[in-house]
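One structure below.
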Amino acid sequence: MYKQISTIAASLVLLNSTAQTRLMSERLDHLSNQLLEKKEIAGVNVLIIKDGNTVYNKALGYADLQNKAPLTTNHIFRIASQTKAITSVAIMMLWEEGKFLLDDPISKYIPTFKDPKVLDKFNPSDSSYTTTAAHREITIRDLLSHSSGIAYPMITDDPRIQAIYTKAGVLSGIGNKAVLKDQIEKLAKMPLLHEPGYKFTYGLNTDVLGYLIEVISGHSLDEFFTERIFEPLEMTDTHFNIPLTKADRLVSVSKKTIHGLEKTIEPIYENNAVNYPLLSGIILSGGAGLSSTTADYAKFLQMLLNKGSYKNKRILGAKTIALMTSNQLSKEAITQGDPNFYFGLGFWLVTPENKFIHSANVGTFFWGGAFNTHYWVDPQENLIGLVFTQEYLPASYWDLGTRYKNVIYSSF
């Protein structure tokens, strides 16, 4: 009798799960088609993995808006800031090996960061400025949690930092032809926007970590990624520089213009070529340099969801991932910024304090990329989500990922 009841219960669970998956698929199809019809996006690849199984994997729309080439699940996307999660994992691999402590000053390994200065007065007529000495050094933990005071030359809404960085030739890392070491040495001489640890300021922190990986490991960033992460995880389509044999798989970038949604062929960001993943000499940006597929990036996320292992290969320790996905911002930093924003060592976090604004469960960690790519990992639901598009300067960046999450979680 007990065996019969167990069998019936298992069948009901499977039936319910199948119904939920069908409902989710229908809703995802509807949302994607709606966005395509309204020309809010040119194409989208959505991949959902639950309990280790792919429950949804579709590419709809175009890979190239101009020639109407259909998007497939095998296409390669510029993932920009999704590179940060990979760099954060890479640096924590070296931390596990005892190569440094999280609260070590970065100047211990990159001396030009010694004695940081904080921006004081600024003259907009010639971008000259004065500084005051920072109360303390920038630590590696500050870099991982984006609380160092280092900003981005383009993303920051502070015109003073934009002007100072631009005048000094400090670049964003998205498609720039530059050498990583040279860029970090320039950045080290720049004033900080605020005291280290004072608040969250999204910036070139992870690019500094990318260079730190080179300094500590003795390998270039692309070599370290390939040997320590991409090969073990079988990520064969993730590159700083996409091989020409795969050039036809790179998705084109679209942009909203006065004429509607159009393919972008003009330079992007700091006057960089839109096809930069195919060019040589592009900076190895740990903050924004990689291109990948949803399938490849899902392997990386599955490793994180598996608490550091993938196909019996250990990449990172479970306790290390627990540390990375726990809040690292001080009470002061949270008070000075968004009180509902919590950040770990490389990830935005859903916590009990900010759950009311997220459909995903507490414990979920996530981020995205500048071309409107999004990912999240929900350990409670045992779920991985990826939503990849390719848009230049989307009007409301975070909205896309949130809309897909809302559709998915309302289906459970």
- Item | Scope the stretch 234-270; condition of a type in the set (A, V, I, L, M, F, W, C), farther than 20 Å from Phe388 by Cα and touching a helix residue (DSSP H, G or I) at 6+ places or on another chain (Cβ under 9 Å); matching residues | Leu244
- Message: Restricting to the stretch 253-273, name every residue that is buried (at least 17 other Cβ atoms within 10 Å of the Cβ), assigned to a loop (DSSP other than H, G, I, E, B) and in contact with a Lys or Arg (Cβ under 9 Å, 6 or more places away or on another chain).
- Response: Val253, Thr264
- Message: For the stretch 379-412, give me each residue that is more than 25 Å from Leu250 (Cβ to Cβ), among the β-branched types (Val, Ile, Thr) and open to solvent by less than 10 Å² (accessible area, probe 1.4 Å).
- Response: Ile408
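Considering only residues of the stretch 341-366 that are hydrophobic (A, V, I, L, M, F, W, C) and either open to solvent by 20 Å² or more (accessible area, probe 1.4 Å) or more than 26 Å from Lys331 (Cα to Cα) (or both), which is nearest to the chain's Cα centre (by Cα)?
So, considering only residues that are hydrophobic (A, V, I, L, M, F, W, C) and either open to solvent by 20 Å² or more (accessible area, probe 1.4 Å) or more than 26 Å from Lys331 (Cα to Cα) (or both), the one nearest to the chain's Cα centre (by Cα) is Trp348.
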- Note on the structure: The one condition Arg160 fails out of (1) open to solvent by 20 Å² or more (accessible area, probe 1.4 Å); (2) of a type in the set (Lys, Arg); (3) touching a residue at least 40 places away in the same chain (Cβ under 8 Å); (4) within 30 Å of Thr293 (Cα to Cα) is (4)
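If we keep just the residues of the stretch 393-408 that are among the hydroxyl-bearing types (Ser, Thr, Tyr) and more than 16 Å from the chain's Cα centre (by Cα), which is farthest from Asn275 (Cα to Cα)?
Tyr404
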- All positions within the stretch 284-315 that are part of a loop (DSSP other than H, G, I, E, B), closer than 17 Å to Gly210 by Cβ and open to solvent by less than 10 Å² (accessible area, probe 1.4 Å): Ser285, Gly286, Gly287, Ala288, Gly289, Leu290
- Query: without any contact (Cβ under 8 Å) to a residue 24 or more places away in the chain, open to solvent by 50 Å² or more (accessible area, probe 1.4 Å) and closer than 30 Å to Asp51 by Cβ: does that describe Lys319?
  - Reply: yes
- What number goes with the only condition from (1) part of a loop (DSSP other than H, G, I, E, B); (2) open to solvent by less than 50 Å² (accessible area, probe 1.4 Å) that Trp376 does not pass? (1)
- Task: Give the residue that is most open to solvent (accessible area, probe 1.4 Å), with candidates limited to residues of the stretch 36-62 that are in contact (Cβ under 8 Å) with a residue 24 or more places away in the chain, over 26 Å from Ser309 (Cα atoms) and not in a strand (DSSP E or B).
- Result: Lys39
- Could you grab me the full set of residues in the stretch 63-108 that are surrounded by fewer than 16 Cβ atoms within 10 Å (Cβ to Cβ) and among the aromatic types (Phe, Trp, Tyr)? none
- Query: Is there a residue in the stretch 136-143 that is surrounded by fewer than 14 Cβ atoms within 10 Å (Cβ to Cβ), part of a helix (DSSP H, G or I) and in contact (Cβ under 8 Å) with a residue 40 or more places away in the chain?
  - Reply: no
- Task: Quickly run through the stretch 121-135 and pick out the residues that are in contact (Cβ under 8 Å) with a residue 12 or more places away in the chain, more than 11 Å from Ile161 (Cα to Cα) and in contact with a strand residue (DSSP E or B) (Cβ under 8 Å, 6 or more places away or on another chain).
- Result: Thr131, Thr132, Ala133, Ala134
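The values are calculated or read from the model by the stated rules, or taken from the named source; none is laboratory data. Small disclaimer: the values here were computed from a predicted structure and weren't measured. Virtual Cβ from ideal backbone geometry, glycine too; neighbours counted across all protein chains shown. The protein model used for the area step is the full one, side chains on, heavy atoms only, and it has no ligands, DNA or RNA in it. Shrake-Rupley method; radii C 1.70, N 1.55, O 1.52, S 1.80 Å.
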